[in-house]
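Working notes, beginning with the structure itself.
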Amino acid sequence: MKILYVHHGNRKLGNPPTQNDDLTEIGYKDCELVAELLNNKTVKDNIKAIYTSDFFRCKKTAEIINKYLNVPIMEDSRLNEFKSIENEQWVDLQNRVSMCIDDIIQKYNNDDIVVCVTSGINIVSFINKAYNLQSSNDAPFLGIPSCCPIIFDYKK
């Protein structure tokens, strides 16, 4: 099965920044572009669901992407960003996101595609899972640009 990882659209940073910050104008446009990209019969027919963090910017990104897909949107707090859990360590985040990916892989068929909208830092867990790498405090902190879609192919 395939998971299409999507970093949420660019967000406006409140003062102070919160998990309820809205998307910027560019963030909205980026989400629209991804929605249009996925509005392709070959891809669209295989997308079964969108999973999203419960942060506003991720949920808003998922809603915009779902414009043409009309699939269920599932909120899962395991897709929340690093340190959204008190005293969370880097390896803990990777394990948390990895468990979410495992559950998604088990739930869907090999030909299915699921979109996951989450924070940029979580890309490490998707990479680890795709290449059978162990979660580690030594794993690099990677950043991903606004609404950047990346496809991962996972085998059951």
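No value in this document is a laboratory result; all are computed from the given coordinates. All figures in this text were calculated on a predicted structure; none of them were measured in a lab. We place every Cβ from the backbone using ideal geometry, glycine too, and count neighbours over all the protein chains shown.
Please report, in whole Å, how far the alpha carbons of segment 43-156 spread along each principal axis, starting with the longest.
39, 31, 22
How big is the gap, in Å, between the Cα center of segment 74-106 and the Cα center of segment 25-65?
20
How many nm is it between the label spots at Asp54 and Thr18, if each spot is 7 Å from the Cα in line with the beta carbon?
It works out to 1.6 nm between the two label points.
Over segment 5-149, what is the mean sequence separation of C-alpha contacts under 8 Å (at least six apart), divided by residue count, expressed as relative contact order in percent?
33
Exceeding 32 Å between C-alpha atoms, which entries from my cross-link table qualify? They are Lys44/Lys83; Lys12/Lys107; Lys60/Lys156; Lys12/Lys156; Lys41/Lys83; Lys2/Lys83.
In this structure, Lys44/Lys83; Lys12/Lys107; Lys12/Lys156; Lys41/Lys83 lie more than 32 Å apart at Cα.
Below 9 angstrom from the Cβ of Ile73, what's the summed charge of the other residues (Lys, Arg +1; Asp, Glu -1)?
-1
About the Cα centre of the chain, how large is the charge dipole given +1 on each Lys and Arg Cβ and -1 on each Asp and Glu Cβ? Please answer in debye to the nearest 20.
300
What list of ³J(HN,Hα) values in whole Hz, one per residue of segment 12-27 in order, does the Karplus curve 6.51 cos²θ - 1.76 cosθ + 1.60 (θ = phi - 60°) give from phi, with Gly and Pro shown as x?
Computed from phi, the couplings for segment 12-27 are 6, 8, x, 10, x, x, 9, 7, 9, 4, 7, 7, 7, 4, 5, x Hz.
Output wanted: per-residue J couplings in Hz (rounded whole) for segment 99-113, from phi through Karplus 6.51 cos²θ - 1.76 cosθ + 1.60, θ = phi - 60°, x for Gly and Pro.
5, 5, 4, 4, 5, 5, 4, 5, 7, 10, 7, 4, 8, 7, 10
Mean separation of Cα pairs under 8 Å and 6+ residues apart, divided by the residue count of segment 18-88: what relative contact order is that in percent?
36
Can you check what the Kirkwood hydrodynamic radius comes to for segment 29-71, Cα pairs only, in Å to one decimal?
10.5
List the longest stretch of the chain that has no exposed loop site; here a site is one of the chymotrypsin sites (Phe, Trp or Tyr not before Pro) assigned by DSSP to anything other than H, G, I, E or B, with at most 10 other Cβ within 10 Å.
Longest run free of exposed loop sites: 1-130.
Assuming 0.36 nm per residue, please report the length gained on full extension of the stretch Lys44 to Lys156 beyond their Cα-Cα distance.
This chain segment gains 38.1 nm when fully extended.
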